[in-house]
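Asks: Structure incoming, see below.
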Amino acid sequence: MTSFQSTLGEESGIAEELAESQQAISIAEFFEKNKHMLGFDSGARGLVTAVKEAVDNALDAAEEAGILPDIYVEIQESGDYYKLIVEDNGPGLTKESLPKVFGKLLYGSRFHAREQSRGQQGIGISAAVLYSQLTSGKPAKITSRTQGSSEAEYFELIVDTDENEPEISVEETTSWDRPHGTRIELEMEGNMRARQQLHDYIKHTAVVNPHARLELKEPNAHFKFERGTDQLPEETEEIRPHPHGVELGTVIKMLSATDSQTISGFLQEEFTRVGKKTADSVIDAFRDRHYGREMRWSSPDDTEDVDVGAAVSEATANKGADATAAFADAIADAVADRERIAHHELIDLVAEAADAVEDEHGTAFGETVQENAGGAVWSALIDAPEETADPDESAVEESRLVTDCYELADAATSTRKDDAVIHGFASRLAAKFEDEDDERHRLTRSQLREHVDRAADLTEEYDEVSFGDTARENVTEAVWDVMVTVPDDPPLVRELSGDRDATSDLVDAMRATDIMAPPTRCLSPITDDLIEAGLEKEFDADFYAAATRDAEVHSGDPFVVEAGIAYGGEIPAEGSADVLRFANRVPLVYQRGACATTDVVKSIGWRNYGLDQPGGSGLPNGPAVIMVHVASTNVPFTSESKDAVANVPAIEDEIELAIREAARELKSFLNKRRSMEKRRKKQNVLGKILPEMAEKVAEVTDREEPEIDDAIARIMNNVLVERHCEANGDGQAVSVVVENHSSTNESLEVTDIVSAEPRNLSDGATAVEMDGEWFVKWEPEVSSEDEAVLEYEVDNDAAFDLDVKGVESAKLTVTDQ
Amino acid sequence: MSAENDQQAREQLLDLAAQFYDQFELGEIPHMSVPTRTKSNIEYDEQKDVWVYGDRESTRSANSVRGARKLLKAVYTIEFLANQLEQDRSSTLRELYYLSESWDNTEAQFNDQDESNGLIEDLEIVSGVTREDFHMRPEESGATIMGPLHLREQTRRGEREIHCQEDVGEGGYQIPNNPDTIEFLDTDADFILAVETGGMRDRLVENGFDEEYNALIVHLKGQPARATRRITKRLHDELDLPVTVFADGDPWSYRIYGSVAYGSIKSAHLSEYLATPEAQYIGIQPADIVEYDLPTDPLSDSDINALESELEDPRFQTDYWEEQIELQLEIGKKSEQQSLAARGLDFVTETYLPERLSEMNVI
């Protein structure tokens, strides 16, 4: 590298020369050179990313307009290039905004909104346009028709990378068969090596957007994904920022922009989840940080040689003996009533006493008198050394602050500490208070900690003992708890806006205050039902489960995690389970290994949930699909290409809980299935052995073969439904008996379809005629080892058909004669 | 054995099958209960002076796949036994096991001979008919008697009268599988000497011990077969002969004595019929090892385990056995019967046995 240092002395103006080559770069130019940041790093990937951006845009557009999305994606081979066409049925774009949406980077409605949406920065689709013009040199061809307009607008445009503005080459009206919507056609360099990712992306999009109809046509394949529901995702609402998630710079900006006068008003106006009470808490926390707290010293008790009354009397002159005495008594009593007292509390109390005595004696105690009295009492309380006192004497007699400090320190430190050491520490800490310039003994927490540290350091030095960090922290905490927030008025907004330090105190105070989590109406989770519907739609499995967690907050942004699991059926059993990752309803296709979702799935002990997991960690094996959706006003991604969710602990925890919730359902399904399998096996074997045994027994005893259904039902803990018919005059008496040999209560739904009208139905059963057949419905509840009987009469020639529901088929034995 | 007896046994078996039939018809789970055949479930019957099964029962129920298979096999076996009795045939336990292979139902076939043996025991207990009355016999018995005894045996080829000294060769009279077909005619014997090993039996016969002392020498051949125990019991009961047992000085031999005297755990249901509680143990006692300074082997781990488990065995909880077993554990040694040869071939007949027998007041 050339060293300019060596030439500094010889040539002047080097800085100017260098400055000449420095110039502003447009955002479009920057991304032109850094395509990988947006996911356009290779031809294969570029195509997938372009599809992704276009589809995300289309979905957002349709949903915002309350339209069920219907999206068509086509990829055509076009010479050396690929042509990508994406059509939607969205509301269409106006002539004015259309070029900007597609031809200007960082143009969008999303960036400033705290609301869940797929795109956020307004980079995506214009970056795809940029990528296409860079690789093929061809403009983007866009058609858009707004609802109700008779014609569609047609544009051909490129991004002017110098200016970051759209450059329109063709602008005309055209006809289009869609009543409303937008169509974009991009030609770009690319290849279909990432075909699998492309298919995955479309399929996974269909899973999390069961309300959307998707179609993908590419040179080798054509898929249609029909809707699973007609229910649009709930509309989201924009929210104000949450106090826990804003940075100092943002607050400074907000302070200068707000109309509020007071901090309380500012907090309530500009932030979500802040009312009067919360604002007060924040302001108290702010006072503690900004002004510090005042130390409350213990009030003197009888044994102490502190005469509050005398101090008042001495400091009060010319007020008459009675009034003075009453004033002194009132103060002395009020002080004695309190366990501990801080300076401002004393001042208030003196004022109260003054008012009371004035009411009674008619003598006014003015501000100066009050000040004198308060000062005198405070001095007495904190044992301020008198000017005239002999220094030797004060050294002998111990300050009463030491006793206070000793009590606090002794309670806060471990019992192993030597009494003398605590005492030494206490007197040093008390001395720090006495040395305080501010007689009110006002300290912030960090100042207090400094005092404690200093006293502890000295103690370590002189007493040669260790006074560790935990002990120091405990003492600080104990003293801080005793100290009290001061009543000073907080500064006004305009005072605050110029004061960086005070604002910083405010931000700290906001973070330290407990505030309700942000509202979730800004989020639109898929909901567990629709996740199951989505999985059912795209995966032919035996079992589906889903869980949607309650909203949580990470750095001020609310988020919701949802998980779903599909198991068995047609899902391939070989290899490890598929993990589908989603953020704000967008499938994440790349960088699986870097994603928090994958990390969490791997960290779960899947064996507990009945899945095979080699080595007890990592992805589980077997026919399973695990999907995780993170929805947030601001999903933290590892990079701008938005391929992987960053490892934020709060989000990871929620992902884990959501997956475990769904996995618990999977576990009980698998357990049940295993026990049913076992039961089936047993039933199969016994179903063979017992009839053989019965046959043999009959042979040996030379009798008819015995009836064995009851015995089998009992052995299998089964529910047995049997019909008995008995001639009864002209017709026959029919009884359907339900015997419950299982260990639980069973609710059955028995339908007997009879070809003739049944008479004298027993209680609880109904008969409905339908096309010459009578449906006898009966819903008995039979407890364990009990039986229930349905009885009716019917003509002799009637035919029956018994149907039983409500009991698993493996547990059910129906004997229909 | 009379045809009447056979008919009765057959009916007992068919009753059992009928019981299963009725259970099916009543909608019950087919089952049968048998006493649990373990050491912890045998108790002393003071009236009969033998060890019998206690109250604990195991149920063979069709409730489980295993139980259902067992019952299926039981029904097939019942059919087989009933047919066998009807045709007046007999078969061995091992034959039953192989025969099951020919059954049309593979589920009913036995997996191993222990299973078929166990099932026969179950059926004995439940029906109250002995195996012999089912015409089931063990594969080999081969135990013999040598001594002054005249008897009549009911054989398939007619009645035979045999004198167990004069009418037999060196090998002695072979005990039939069902000793109840024997009628004792006359005896000059003074006592019964049951001997564990063939070598010792041959030594006693060679030395003419049976003639000299009027002893009935019964060869136990290791753990005695039921027939051997049954004939010993009958000889004792019917001819009023004292029974002595002469075995090796190790824990396994004590068990041989135990099954002669008290009955075995597996056939405790037949104790009354098989056991001779008055039987006395001659030796080799652990005390003899010390007294006669016999050549020894050290106790192996399994020997020690066996001795310790005998200390817990209700059948061995007498002062005599506790003393002997504890002594043996203390010296840590065991001796065989034939170790007496260390003192000369005639030592056993001229010194050891006369001394022990007179100590025991048998001669």
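Asks: Report Rg/Rh for chain B, rounded to two decimals, where Rg is the Cα radius of gyration and Rh the Kirkwood radius.
Replies: On the way: Rg = 22.2 Å, Rh = 22.1 Å.
That ratio equals 1.00.
Asks: Whole-Hz Karplus ³J(HN,Hα) for region A:653-666, in order, using 6.51 cos²θ - 1.76 cosθ + 1.60 and θ = phi - 60°, x for Gly and Pro?
Replies: 3J(HN,Hα) across region A:653-666, in whole Hz: 4, 5, 4, 4, 4, 5, 5, 5, 4, 5, 5, 4, 5, 4.
Asks: Per-residue HN-Hα couplings for region A:488-502, Karplus 6.51 cos²θ - 1.76 cosθ + 1.60 at θ = phi - 60°, whole Hz, x for Gly and Pro?
Replies: Using θ = phi - 60°, the values come out as 4, 5, x, x, 7, 4, 5, 5, 6, 5, x, 10, 4, 5, 5 Hz.
Asks: What's the exposure ranking of A:635, A:482, going from fewest to most Cβ atoms within 10 Å? Don't jump to the answer; show the numbers that get you there.
Replies: Details: A:635 22, A:482 18.
Ascending Cβ contact count within 10 Å gives the list A:482, A:635.
Asks: Next question, about the same structure. Can you spot the lysines whose alpha carbon is less than 22 Å from residue A:203's alpha carbon? Ignore those fewer than 8 places along the same chain.
Replies: Correct list for residue A:203: A:52, A:83, A:217, A:224, A:537, A:642.
Asks: Would you calculate a helix-derived [θ] at 222 nm for chain A, using -39,500 (n - 2.57) for each DSSP H run of n ≥ 4 and dividing by the full residue count, to the nearest 500? Kindly include the intermediate steps, with their values, before the conclusion.
Replies: Details: 24 runs with 328 residues, N = 817.
Mean residue ellipticity at 222 nm (helix-derived): -13000 deg cm²/dmol.
Asks: Using the count of nearby Cβ atoms within 10 Å as a rough guide to exposure, how do B:164, A:595, A:405 rank from fewest to most?
Replies: So the ranking, lowest neighbour count to highest, is B:164, A:595, A:405.
Asks: Can you run phi through the Karplus equation (6.51, -1.76, 1.60; θ = phi - 60°) for region A:361-371 and list ³J(HN,Hα) in whole Hz, with x for Gly and Pro?
Replies: In residue order, the calculated couplings are 9, x, 9, 7, 9, x, 4, 4, 4, 4, 4 Hz.
Asks: List every residue whose amide H lies under 5 Å from the amide H of residue A:815, counting only residues 5 or more places away in sequence or on a different chain, with H placed 1.01 Å from N in the peptide plane.
Replies: Excluding prolines and chain starts, which carry no amide H, the hits are A:721, A:722, A:723.
Asks: Which whole number gives the average count of other chain Cβ atoms within 10 Å of the Cβ atoms across peptide B:21-32? The partial results should precede the final answer.
Replies: Working: counts 10, 3, 4, 13, 8, 4, 12, 4, 7, 8, 0, 0.
Counting Cβ atoms of other protein chains within 10 Å of each residue's Cβ and averaging gives 6.
Asks: Tell me, B:233, A:83 in order of fewest to most beta-carbon neighbours within 10 Å?
Replies: Details: B:233 23, A:83 19.
The fewest-first ordering by Cβ neighbours comes to A:83, B:233.
Asks: Quote the Stokes-Einstein diffusion coefficient, in whole µm² s⁻¹, for the protein assembly as shown, based on the Kirkwood radius over alpha carbon pairs, a temperature of 25 °C and a viscosity of 0.890 mPa s.
Replies: Values: Rh = 42.7 Å.
In µm²/s, the coefficient rounds to 57.
Asks: Here's a follow-up. Amide H of residue A:580: which non-local residues (sequence gap of 5 or more, or other chain) have their own amide H closer than 5 Å, using H built in the peptide plane?
Replies: Residues meeting the amide H criterion: A:626, A:627, A:628.
Asks: If amide hydrogens are placed 1.01 Å from N in the peptide plane, which non-local residues have theirs closer than 5 Å to the one on residue B:50?
Replies: B:45
Asks: Projected area of region A:518-651, taken from the Cα convex hull and averaged over every viewing direction, in nm²? The partial results should precede the final answer.
Replies: On the way: hull surface 32.1 nm².
If I average the Cα hull's projected area over directions, I get 8.0 nm².
Asks: Here's another thing I want to ask about it. Taking the alpha-carbon distance from residue A:432 and a cut-off under 24 Å, which lysines remain once sequence neighbours fewer than 8 residues away in the same chain are dropped?
Replies: Candidates past the 8-residue exclusion: A:417.
Asks: Taking beta carbons within 10 Å but only from partner chains, what does the mean come to for residues B:55-68?
Replies: Numbers: counts 0, 0, 0, 0, 0, 0, 1, 9, 7, 4, 8, 1, 3, 9.
If you average over the peptide's residues, the count of other-chain Cβ atoms is 3.
Asks: Here's a follow-up. Restricting to Cα pairs below 8 Å that are 6+ residues apart, what does the relative contact order work out to for chain A? Please round to a whole percent. Please list the in-between numbers first.
Replies: Working: 1533 pairs, mean separation 80.5, N = 817.
Over chain A, the number comes to 10 percent.
Asks: With n ≥ 4 as the cut-off for DSSP H runs, can you work out [θ] at 222 nm for chain B, using -39500 (n - 2.57) per run divided by the number of residues, rounded to the nearest 500?
Replies: Details: 13 runs with 148 residues, N = 363.
Value at 222 nm, helices only: -12500 deg cm²/dmol.
Asks: Could you pull out every one of the lysines with an alpha carbon less than 27 Å from that of residue B:334, ignoring same-chain neighbours closer than 8 positions?
Replies: Answer for residue B:334, where 27 Å is the Cα cut-off: B:39, B:221, B:266, listed by chain and number.
Asks: Which of the three applies to region A:423-538, rounded, prolate or oblate, going by the alpha-carbon gyration tensor with a ≥ b ≥ c and a/c under 1.5 meaning rounded? If you can, show how the numbers build up before the last one.
Replies: Details: a/c = 4.33, a/b = 1.97, b/c = 2.20.
The shape class here is oblate.
Asks: Then there is this: Just counting partner chain Cβ atoms within 10 Å, what average do the residues of peptide A:709-718 show around their Cβ?
Replies: Numbers: counts 2, 6, 10, 4, 1, 5, 10, 1, 1, 0.
Per residue, the number of nearby Cβ atoms from other chains is 4 on average.
Asks: A further question follows. So what are the radius of gyration and Dmax for the Cα set of region A:702-817, in Å?
Replies: Considering region A:702-817 through its Cα atoms, Rg and Dmax are 14.6, 48 Å.
Asks: Can I ask one more? Shape of region A:556-597 from its Cα gyration tensor (a ≥ b ≥ c, root eigenvalues): rounded if a/c is under 1.5, otherwise prolate when a/b > b/c, or oblate? Walk me through the numbers on the way to the answer.
Replies: On the way: a/c = 2.85, a/b = 1.79, b/c = 1.59.
It comes out prolate by the Cα gyration axes.
Each value in this text was obtained by applying a stated rule to the coordinates, not by laboratory testing. All of these numbers come straight from a predicted model, not from anything done at the bench. In this analysis, Cβ positions are derived from the backbone assuming ideal geometry, glycine residues included, and neighbour counts consider all displayed protein chains.
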